[in-house]
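What follows is calculated from the coordinates using simple rules that are stated; it is not laboratory data. From a predicted model like this one, the values you see are computed outputs, not experimental measurements. Here Cβ is always computed from backbone atoms with ideal geometry, including for glycine, and neighbour counts include all displayed protein chains.
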Amino acid sequence: MIADLACGMNPLTVEWMPVGEDVLYRASDIDSRLMAFLDEALSVLGVSHEVAVHDLLTGPDPQPADVTLLLKAVPCIETQQKQLGWSLIDAINSPVVVVSFPTKSLGQRSKGMYRTYSNGFTAHAEGRPWQVEELEFGNELVYVVECSEVSVVARAAVAAVAVLGLAACTSSVAGTGSSDPTVVPPAQATLADLSKAVTAKLTGSGSAKFTVDSTTELLDAHTVTSVTGAFRRDDQGLWMTATMTVKSPDTTTLSFVLTPSAVYVRPPADQKLPADKPWVRATENGTDAFSQEFAPLFASLKQATLSPLAMPLDPATTTIVGSDLQPVGLTPARHYALKTDLTAVAKSLPDGPLKDTTLLEAKLGAMVDELWVGNGNVPLRSESKLDVPATKGTLTVSRTYTAWGQPVDVPVPPDSQLSPPPAGG
């Protein structure tokens, strides 16, 4: 049996560990939500396992194990109760204990961490009848401690488990420690609660990076549009920087900077603006030809970026048809499958182009949406797909959001880099 104490997300790396199907993996941590997620995730992975909620401040798990993992936990425990972290190594009921320590901070600074933990471990191990193997890679210092006699084969297997497991678990979400319970995905929510949380995240103060990819395959037409950028919303309003690339079939690239009061556009090269004045400024509600021509594009860019799905999450028109746990990359997430009644959506809209477009889409086919959310129902990814049976075509839009809460700089082009609007708008 492998015991993983203060496990965090480490058990998800069992797929990379050279352990047989008959090996029981026992994971424990203080966070009950995390353990509920791991129980479900390990069941999906087909791993023989047990989970338990356990606080190491009360002592180690009393159950015996062949190998016990205590990864990057000792420093955390030491900050709460001096010497308890070190004494846990002695108290663990296991012939082999794998202990690890971080050698760099989240900001990738060493701060003498290797020396501190290496000296600390050496001092604690002195005089104890242990056989110790030291491993170092990446940002981690690892000790494989044999507290009793272990065969050469078993020793090699333990080292392999330690190296492969740690190598996988150190590839964690940027800015989030692999043992951080905040990465636990949320429980299933009602559509109303889900809509409220997602909308609040995208329309409230905050920031994120985003990518929006759309593909249109209709009859002989094939268009691919990709928008990448970042946004932040503060007391002044919405700020955004983005680059849009359209392939249909030639490639056209536009760059945008949106501020609360204006929009700056860097037109394609064929507009032949001066190299030192590549930007044109438009006002959101401007009456000049350039502003009016780009107004629908600005509105579309905001809609595509700040709306996680093609249609609002309205309980009157959308239903949840499925929900399960699906990670987005290495981030645990809850996945929702949604179905939207476009005809009902159209009836709720005022007369105008949007209503006409929605009615057309309703006649063309059925809209299917998928949404992935992280802890706190933070949107991570979405996909909207409209199948058009009459033409065997599809319209697909996918969105991803990353780096929530990280600083976003939106550089506004200075007046010295501005050109008059191109002739004809």
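Exposure proxy check: C76, C147, C7 ranked by fewest other beta carbons within 10 Å? Walk me through the numbers before you get to the answer.
Numbers: C76 13, C147 18, C7 28.
In increasing order of surrounding Cβ atoms, one gets C76, C147, C7.
What pairs from K104/K209; K247/K272; K72/K201; K196/K339 go past 29 Å between their alpha carbons? Present the calculation step by step, with values, prior to reporting the outcome.
Working: K104/K209 26 Å; K247/K272 20 Å; K72/K201 32 Å; K196/K339 18 Å.
Beyond 29 Å: K72/K201.
Please sort 327-337, 46-56 by packing, taking for each peptide the average over its residues of neighbouring beta carbons within 10 angstrom, highest first. Before the final figure, lay out the partial values.
Details: 327-337: 18.5, 46-56: 16.5.
Averaged packing, sorted descending, gives the order 327-337, 46-56.
Rank by packing, highest mean first: peptides 338-348, 116-126, with packing defined as the count of other Cβ atoms within 10 Å averaged across residues.
Peptide ranking by packing, descending: 338-348, 116-126.
Calculated FRET efficiency, K247 and T203, Cβ-Cβ r, R0 30 Å, to nearest 0.05? Intermediate values should be presented prior to the final figure.
Working: r = 31 Å, r/R0 = 1.03.
That gives a FRET efficiency of 0.45.
Contour minus end-to-end for D39 and A316, with contour as 0.36 nm per residue of separation and end-to-end as the Cα-Cα distance? Before the final figure, lay out each step's value.
On the way: separation 277, 0.36 × 277 = 99.72 nm, distance 3.44 nm.
Gain on stretching D39 to A316: 96.3 nm.
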